[in-house]
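As structure tokens, the structure follows; a few thoughts come after it.
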Amino acid sequence: MARIGINPARDKHAHRPPSRVTVSMITYLPHQLGYFADKFEIIRAALGSMIANTEPENDILVFDNGSSAALTDYLNLLLEEGSIRYLVLTDENIGKIAALRMLTGMAPGDYIACADDDILFYPGWLPAHMRIFEAFPQAGMVSGVPVRNAATYALDALHAVETSGRNRYRLKRGRFIPDEWEIDWCISTGRDPQQHLQAQAGREDLQLEASEVRALAGANHFQFLASKQSLLKALPKEWSGRLMGEMVEMDENLDRLGYLRLSTTDRYTRHIGNVLTQTIREDIQRMNLPVAPAPHTNYGRRKKHWLHNVRGSGRVLRWLYDRLFRIINEIGD
């Protein structure tokens, strides 16, 4: 049969070119039990804060790592209404580092802002990141909140600046990170705040200044802005299959390549973790972000075990999983 007509896209162009910065988030919600009980609400707040506090000329890309329909339906709604420009869905969790590799390869921007799905964004976050990149040409990664622990490794490039770069940058050592921010980070990551503060009591922070722009040494990989060029060089070349890990290796690769890992001196982003604390809820309310949890309607895509064929087993297993998770947490406390 002869060809019918001409492809209607021929000789046409996209209405809007991609933005210089691709703002992205990697999401994962397999179900809403145990560890993930509050995750839908957290992802809605994280994405809502990113959308609300990112200048509209910037493209937003969401890479979903094999989530249940409860989340993917919501993400498709955001795409349809124009709140995000790109959406990538996988049928299983391929791991964070693999998702980051794919995301970096497909993102059209010269810079990539990447975040886990439990990060809260505050107004002005992206311009603050870009100011550091413009003031520090050697920067390879910039985070929106300084975390003292992030400046304890991958330091060769910073040490080189400290010993030979004083003509380019003004350097100062002192305690620049408030204990309050360190306590918040400990709570969100499950660490003991007092033990952490005691362990870091004698440690000083390194501040760099150039063109009246200040930055602190160290960057965290749960939220950062990086040049696409530097990220492609630093990411692992081989597919490991690991669902977590290899992020510190990425930091170390950036350092070996001579890139600086820096953070803003003010807190423009915040790690939430898997529980919404009262202070986080207050910030969400101040920004008028969505906080209502989704109905517990979907508990995952795949049912591989034979127990799933037993009538009523899903309900019993889900109850048992959730109950055991809470008991184990109580024992841990």
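A few notes on this one:
- Residues of segment 42-71 satisfying the condition of being under 24 Å from Ile97 (Cα atoms) and charged (D, E, K, R): Arg44, Asp59, Asp64
- Ser227, sole failed condition from (1) over 26 Å from Phe133 (Cβ atoms); (2) in contact with a Gly (Cβ under 9 Å, 6 or more places away or on another chain); (3) small (Gly, Ala, Ser): (1)
- Residue ranges of strands (runs of 3 or more DSSP E) in segment 18-125 with at least 3 members open to solvent by 20 Å² or more (accessible area, probe 1.4 Å), more than 30 Å from Asp266 (Cα to Cα) and at pLDDT 95 or above: 86-89
- Counting the residues of segment 126-159 that are surrounded by fewer than 16 Cβ atoms within 10 Å (Cβ to Cβ) and aromatic (Phe, Trp, Tyr) gives 1.
- Within the option set Thr264, Thr279, being open to solvent by less than 20 Å² (accessible area, probe 1.4 Å), of a type in the set (S, T, N, Q) and either under 27 Å from Ala45 (Cα atoms) or modelled with pLDDT of 95 or more (or both) holds for one residue only, Thr264.
- Which numbered condition Leu208 fails, given (1) open to solvent by less than 50 Å² (accessible area, probe 1.4 Å); (2) closer than 20 Å to Val248 by Cβ; (3) touching a residue at least 60 places away in the same chain (Cβ under 8 Å): (2)
- Test: residue in segment 241-253 that is more than 19 Å from the chain's Cα centre (by Cα) and open to solvent by 70 Å² or more (accessible area, probe 1.4 Å): no
- Scope segment 160-201; condition open to solvent by 80 Å² or more (accessible area, probe 1.4 Å) and in contact (Cβ under 8 Å) with a residue 12 or more places away in the chain; matching residues: Arg168, Arg170, Lys172, Arg173, Arg175, Ile187
The values are calculated or read from the model by the stated rules, or taken from the named source; none is laboratory data. This one's a predicted model, so the numbers in the text were calculated from it and none came from an experiment. Ideal geometry is used to build each Cβ from the backbone, glycine not excepted, and the neighbour counts take in all protein chains shown. The area values use the complete protein model at the heavy-atom level, side chains included, leaving out ligands, DNA and RNA. Shrake-Rupley method; radii C 1.70, N 1.55, O 1.52, S 1.80 Å.
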